[in-house]
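*Asks:* I have a structure I would like to understand better, so I am pasting it below and will then ask my questions one at a time.
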Amino acid sequence: MQISSIPGLIAGELHVKTSQVEAVIQLLDQENTVPFIARYRKEATGELDEEQIRTIMERLQYLRNLAKRQQEILSSIEEQGKLTPELASAIQQAVKLQELEDLYLPFRPKRRTRAQIAREKGLEPLAEIILAQKLTDADPVKVSAPFVSEEKGVASEQDALAGALDIIAENISEQADIRALLRRQLWQNAQIATELAVSETEGREYITYKEYHEPVNRIPSHRILAINRGEKKDVLKVHIQTPHETNIAHIARKIITVPSSFTELLQECIADGYKRLLLPALEREIRSLLTENAEKQAIRVFGLNLRQLLLLPPLTNHTVMGLDPGLRTGCKMAVVNATGAVLETATLYLTASDAQREKAEKAILQAIRDHAVSLISIGNGTGSYETEEVIARLIHDHDLPVHYLITNEAGASVYSASKLAKDELPDLDVTLRGAVSIARRVQDPLSELVKIDPKSVGVGQYQHDVNQKELAATLDTVVESCVNHVGVDLNTASPALLTHVAGINSTVAKNIVGYRDTNGSFKSRRELLKVARLGQAAFTQCAGFLRLRDQKNPLDNTPVHPESYALAEKILAQLHFSLTDLRDRDRLKALQLAVQAVDPAKLAEALEAGEPTVRDILAALVKPGRDPREDMPVPLTRKNIVKLTDLSPGAIMRGTVHNVIDFGVFVDIGIKTNGLIHRSELSYKPFRHPLDVVSVGDIIDCMILHVDEERGRIGLSLKQAQKKP
């Protein structure tokens, strides 16, 4: 494959123009970030979105690695003197690494196999005679007699035949077309089969897989990961079931072309090579590929869930009380103001003696009144239900103008002990920092959750069983995408948040905060160029994603890039407005009406500018300072507690989607236990994945199907809460 053919190949896969792919490749090679390309280079890319650009980036890396590997293989085979024009052509036309490695397998340097030892004994010519199948009435023993040699270690005719057959078995197992044939057969007909390797008592967690089998081509990814986990724990034995005789017959038909004196020996040789060499290798390959695909799916689901979680709308203008529940060690309380500053902290014993509980309740009431708390965020860990009971009773008994919500506290303890938490909250005990995090999470989920390792945020499935490097890379990409989608307030953002802005690394993020601490608030985006190690290239990448409120140039609080400020002013002039009008509410309303009446294409033509950029500037001008998370559903808050015993089948409950996985959706309906909507109860319409129906953070009405108090399980239905179409 020629490097020059890569853009056309990717364009064909994505059904876009080659020129679009070439533009993206050029921009990536110039070290532009994906968010910057997607947002500010739409004219060049033909408005490819961020996902398409990331796909091009991934495929580009893969195909460049493939081209490099092709050259390495061609050089290796050529050095061996075995490169034929046909083989060279096949290698150059391969578009998958697997195809390439199959072609290279016969020429790859090997450890000393049985076949290799036989070759060293000079038995390859005998193997060629047998495989040629030209002798029809010869005695195999007599044919092998000339190859007997005590000097070479071939003691008898039988030893010579055995060695030659070892060579043939290995050659057959390494033929690219044979491997491709058997690979197809296994994918079409094989099954994954499992059995318990321990007693049913020891393996009760995996009792589903006691005597289990499912077709390889249909087994879902979450079951693959569950089986792998059971196998790793030595609880399950896993193997692949396949019709061996049928597979051997398929190979024999390709190898045995005519009847000969060696037909029976060849059949035995094919069966031996299949069972000893080919099948184990392809079984490992299939298990590996199933795992790889399952991990990719799990990582994809994790990424999509994380994105929805990070983009939950902030509950602004609230003084929030964060409660980190605990039984033995007490419930940690932190009150933060609307900007996240800590006002008060305490440790409360809500489940201890009557005297301690009464004291704790008085402390909560006093804090609510002293600080005008309007929202309480309760962590969902151990003791959450007991804490919720106390809060709901206090709200009811004292008629408090306060709502509460249950907040996913996953990762709060990890954050509490981190260096970042120590730097942010140096005067607080590690146990109280978690309560601060729980409070701030509802004020601005994105700003707070970026401080936590994405693997610890509690969404997705089997995150500890997948490739950790790929998981981390995917989640970092999701965080980067969300941060740049929303934009970051340059004068309040933490180093953790700034690190995820396009073009800014951890060192520059610290330098920005250091500059801010020394010189006060930034007055303009251009002032960024005074920050140490933030040059013009980094400024170009990051400036459009950083916001400045209430500063001299109102464009600094919009997604308009500084490189387009002049164009933005021309657009305003064409509409008979100016920058100062963006600060006047009445003039801004008039501008919004004017924008609705304008034709972006004609305006772009008149200004000799790109239409996509003009469209984006118009959208930014009518809503300066707009937070795109405003479009998301606001989290549910509550005043009353719901108990498991209060639930009855057929009741309709409103809840918040907490996690979406392959087999269903977990929903917070306001009690300690999340309910599960199995994928079969999601929709009357066909869909491929639950994420096609709902997302994390969605507010939904669902019907209770069943309640299992003993096991603490709640079955829900989304489709039965709706009218059947």
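*Asks:* Being touching an Asp or Glu at 6+ places or on another chain (Cβ under 9 Å) and either among the hydrophobic types (A, V, I, L, M, F, W, C) or over 30 Å from Ala538 (Cβ atoms) (or both) narrows it down to one of Arg59, Arg69, so name that one.
*Replies:* Exactly one of Arg59, Arg69 is touching an Asp or Glu at 6+ places or on another chain (Cβ under 9 Å) and either among the hydrophobic types (A, V, I, L, M, F, W, C) or over 30 Å from Ala538 (Cβ atoms) (or both), namely Arg69.
*Asks:* For the range 464-481, name all the residues that are hydrophobic (A, V, I, L, M, F, W, C) and either under 15 Å from Val450 (Cβ atoms) or in a helix (DSSP H, G or I) (or both).
*Replies:* Here is the first cut: in the range 464-481, the residues hydrophobic (A, V, I, L, M, F, W, C) are 466, 471-473, 475, 478-479.
Result: Leu471, Ala472, Ala473, Leu475, Val478, Val479.
*Asks:* Next question. Mind checking which residues of the range 498-522 are among the acidic types (Asp, Glu) and in contact with an Asp or Glu (Cβ under 6 Å, 6 or more places away or on another chain)? Explain how you work it out, then say what you get.
*Replies:* Of all residues in the range 498-522, those among the acidic types (Asp, Glu) come to 517.
Matches in the range 498-522: none.
*Asks:* I would also like to ask the following. Any residue in the range 667-694 that is in the same structural domain as Arg654 (by TED's automatic domain parsing) and on the phi > 0 side of the Ramachandran plot sitting within a Cβ distance under 6 Å of a residue that is surrounded by fewer than 20 Cβ atoms within 10 Å (Cβ to Cβ) and in a loop (DSSP other than H, G, I, E, B)? List the pairs, counting only those 6 or more apart or interchain.
*Replies:* From the range 667-694, the pairs are Gly670/Val642.
*Asks:* Here's something else I'd like to know. Among all residue pairs at least 6 apart or on different chains, which show Cβ distances below 8 Å where the first residue, located in the range 131-158, is on the phi > 0 side of the Ramachandran plot and the second is hydrophobic (A, V, I, L, M, F, W, C)?
*Replies:* Gln133/Ile256; Gln133/Val258; Gln133/Phe262; Gln133/Leu266
*Asks:* Turning to a different aspect of this structure: Quick check on Glu99: is it among the charged types (D, E, K, R), under 54 Å from the mean Cα position of the chain (by Cα), not in a loop (DSSP other than H, G, I, E, B) and not assigned by TED's automatic domain parsing to the domain that holds Arg253?
*Replies:* Values: among the charged types (D, E, K, R): yes; under 54 Å from the mean Cα position of the chain (by Cα): yes; not in a loop (DSSP other than H, G, I, E, B): yes; not assigned by TED's automatic domain parsing to the domain that holds Arg253: yes.
Spelling it out, Glu99 is indeed among the charged types (D, E, K, R), under 54 Å from the mean Cα position of the chain (by Cα), not in a loop (DSSP other than H, G, I, E, B) and not assigned by TED's automatic domain parsing to the domain that holds Arg253.
*Asks:* To continue, here is another question. Hey, Glu99 hits all of (1) within 23 Å of Asp272 (Cα to Cα); (2) at pLDDT below 95; (3) of a type in the set (Asp, Glu) but one; which does it fall short on?
*Replies:* (1)
Condition check ((1) of a type in the set (A, V, I, L, M, F, W, C); (2) out of contact with any Cys (no Cβ under 7 Å at 6 or more places or on another chain); (3) closer than 23 Å to Tyr462 by Cα) across all residues:
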| site | (1), (2), (3) |
| --- | --- |
| Leu165 | yes, no, no |
| Gln188 | no, yes, no |
| Ile192 | yes, yes, yes |
| Glu211 | no, yes, yes |
| Pro220 | no, yes, yes |
| Ile224 | yes, yes, yes |
| Ile251 | yes, yes, no |
| Lys254 | no, yes, no |
| Val258 | yes, yes, no |
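*Asks:* From the residues in the range 205-222 that are buried (at least 17 other Cβ atoms within 10 Å of the Cβ) and without any contact (Cβ under 8 Å) to a residue 60 or more places away in the chain, which one is farthest from Glu195 (Cα to Cα)?
*Replies:* Tyr206
*Asks:* Also, I was wondering about something else. Just one of the numbered conditions (1) under 30 Å from Val595 (Cα atoms); (2) touching a strand residue (DSSP E or B) at 6+ places or on another chain (Cβ under 6 Å) is not true of Pro628; which one?
*Replies:* (2)
*Asks:* Identify, please: which residue in the range 486-509 is free of Cβ contacts under 8 Å to residues at least 40 places away in the same chain and small (Gly, Ala, Ser) and is, among those, nearest to Ser524 (Cα to Cα)?
*Replies:* So the residue we want is Ala509.
Listed here are the residues, each with its yes/no results for (1) among the basic types (Lys, Arg); (2) at positive phi; (3) part of a loop (DSSP other than H, G, I, E, B); (4) in the same structural domain as Gln267 (by TED's automatic domain parsing).
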| position | (1), (2), (3), (4) |
| --- | --- |
| Gln185 | no, no, no, yes |
| Thr194 | no, no, no, yes |
| Val198 | no, no, yes, yes |
| Ile207 | no, no, no, yes |
| Glu214 | no, no, no, yes |
| Arg223 | yes, no, no, yes |
| Arg229 | yes, no, no, yes |
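*Asks:* Looking at the range 169-191, I want the residues that are under 26 Å from Ala115 (Cα atoms) and have a partner that is of a type in the set (Lys, Arg) and part of a helix (DSSP H, G or I) with Cβ atoms under 8 Å, at least 6 apart or on another chain. Which pairs are those?
*Replies:* Taking only residues 6 or more apart or on different chains, the pairs are Ala169/Arg276; Glu170/Arg114; Ser173/Arg179; Asp177/Lys254; Ile178/Lys254; Leu181/Lys254.
*Asks:* Separate question: Looking for whichever is among the β-branched types (Val, Ile, Thr) and within 20 Å of Gly383 (Cβ to Cβ) here; the options are Val335, Val342. Which one fits?
*Replies:* Details: Val342 fails: within 20 Å of Gly383 (Cβ to Cβ).
Selected residue: Val335, the only one of Val335, Val342 that is among the β-branched types (Val, Ile, Thr) and within 20 Å of Gly383 (Cβ to Cβ).
*Asks:* Another question about this same structure. Starting from the range 385-402, keep only residues that are in contact (Cβ under 8 Å) with a residue 40 or more places away in the chain and among the polar types (S, T, N, Q), then list their pairs with residues that are crowded, with 18+ Cβ neighbours inside 10 Å and in a loop (DSSP other than H, G, I, E, B) whose Cβ atoms are within a distance under 8 Å, requiring at least 6 positions of separation or different chains.
*Replies:* Taking only residues 6 or more apart or on different chains, the pairs are Thr387/Pro325; Thr387/Leu350.
*Asks:* Also, quick follow-up: Among residues belonging to the range 365-390 that are of a type in the set (A, V, I, L, M, F, W, C) and under 24 Å from Glu448 (Cα atoms), point out the one that is surrounded by the fewest Cβ atoms within 10 Å (Cβ to Cβ).
*Replies:* First, pick out the residues of the range 365-390 that are of a type in the set (A, V, I, L, M, F, W, C): 365, 367-368, 372-373, 375-376, 378, 390.
From what is left, the residues that are under 24 Å from Glu448 (Cα atoms) are 367-368, 372-373, 375-376, 378.
Values: Ala367: 20, Ile368: 22, Ala372: 12, Val373: 24, Leu375: 20, Ile376: 32, Ile378: 26.
For the range 365-390, the residue satisfying everything is Ala372.
*Asks:* So which residues in the range 10-33 are free of Cβ contacts under 8 Å to residues at least 60 places away in the same chain and under 22 Å from Gly544 (Cα atoms)? Don't jump to the end; show me each part of the working.
*Replies:* Taking the range 10-33 first, the residues free of Cβ contacts under 8 Å to residues at least 60 places away in the same chain are 10-30.
Passing the criteria: Ala23, Val24, Ile25, Gln26, Leu27, Leu28, Asp29, Gln30.
*Asks:* So Arg229 fits all but one of (1) crowded, with 18+ Cβ neighbours inside 10 Å; (2) among the basic types (Lys, Arg); (3) in contact (Cβ under 8 Å) with a residue 12 or more places away in the chain; what number is the exception?
*Replies:* Of (1) crowded, with 18+ Cβ neighbours inside 10 Å; (2) among the basic types (Lys, Arg); (3) in contact (Cβ under 8 Å) with a residue 12 or more places away in the chain, only one is false for Arg229: (1).
*Asks:* Moving to a separate point now. Spot the failing condition for Glu51; the list is (1) touching a residue at least 12 places away in the same chain (Cβ under 8 Å); (2) under 24 Å from Asp476 (Cβ atoms); (3) charged (D, E, K, R); (4) in a helix (DSSP H, G or I), and only one is missed.
*Replies:* (1)
*Asks:* Got a sec? Which of Leu97, Leu87 is more than 30 Å from Phe545 (Cβ to Cβ), among the hydrophobic types (A, V, I, L, M, F, W, C) and surrounded by fewer than 16 Cβ atoms within 10 Å (Cβ to Cβ)?
*Replies:* On the way: Leu87 fails: surrounded by fewer than 16 Cβ atoms within 10 Å (Cβ to Cβ).
Answer to the selection: Leu97.
*Asks:* Then there's this: Of the residues that make up the range 313-331, is at least one assigned to a helix (DSSP H, G or I) and not hydroxyl-bearing (Ser, Thr, Tyr)?
*Replies:* Going residue by residue through the range 313-331, those that are assigned to a helix (DSSP H, G or I) are none.
No, every residue in the range 313-331 fails to be assigned to a helix (DSSP H, G or I) and not hydroxyl-bearing (Ser, Thr, Tyr).
*Asks:* State the number of residues belonging to the range 426-445 that are of a type in the set (Gly, Ala, Ser) and in contact with a helix residue (DSSP H, G or I) (Cβ under 6 Å, 6 or more places away or on another chain). If you could, list the steps in order and put the result at the bottom.
*Replies:* We begin by selecting, within the range 426-445, every residue of a type in the set (Gly, Ala, Ser); these are 434-435, 437, 439.
Subsequent filtering for residues that are in contact with a helix residue (DSSP H, G or I) (Cβ under 6 Å, 6 or more places away or on another chain) retains 434, 437.
Result for the range 426-445: 2.
*Asks:* Oh, and also: Can you name the number of the only condition in (1) modelled with pLDDT under 95; (2) closer than 18 Å to Ala281 by Cβ that Gln241 fails?
*Replies:* Here Gln241 clears every test but (1).
*Asks:* Specify the residue that is farthest from Lys362 (Cα to Cα); the eligible residues are those in the range 318-344 that are of a type in the set (D, E, K, R) and surrounded by 20 or more Cβ atoms within 10 Å (Cβ to Cβ). Before the answer, list the steps.
*Replies:* Kept after step one, since they are of a type in the set (D, E, K, R), are these residues of the range 318-344: 324, 328, 332, 344.
Now narrow it down to the ones that are surrounded by 20 or more Cβ atoms within 10 Å (Cβ to Cβ): 324, 332.
Values: Asp324: 18, Lys332: 15 Å.
This residue is Asp324.
*Asks:* Sticking with this one: Quick one: His485 ticks every box in (1) outside any helix (DSSP H, G or I); (2) out of contact with any Leu (no Cβ under 6 Å at 6 or more places or on another chain); (3) surrounded by fewer than 20 Cβ atoms within 10 Å (Cβ to Cβ) except a single one, so which number is it?
*Replies:* Evaluating His485 over (1) outside any helix (DSSP H, G or I); (2) out of contact with any Leu (no Cβ under 6 Å at 6 or more places or on another chain); (3) surrounded by fewer than 20 Cβ atoms within 10 Å (Cβ to Cβ) leaves (1) as the failure.
The values are calculated or read from the model by the stated rules, or taken from the named source; none is laboratory data. From a predicted model like this one, the values you see are computed outputs, not experimental measurements. Every residue, glycine as well, gets a Cβ built from its backbone with ideal geometry; the counts of neighbours run over all protein chains shown.
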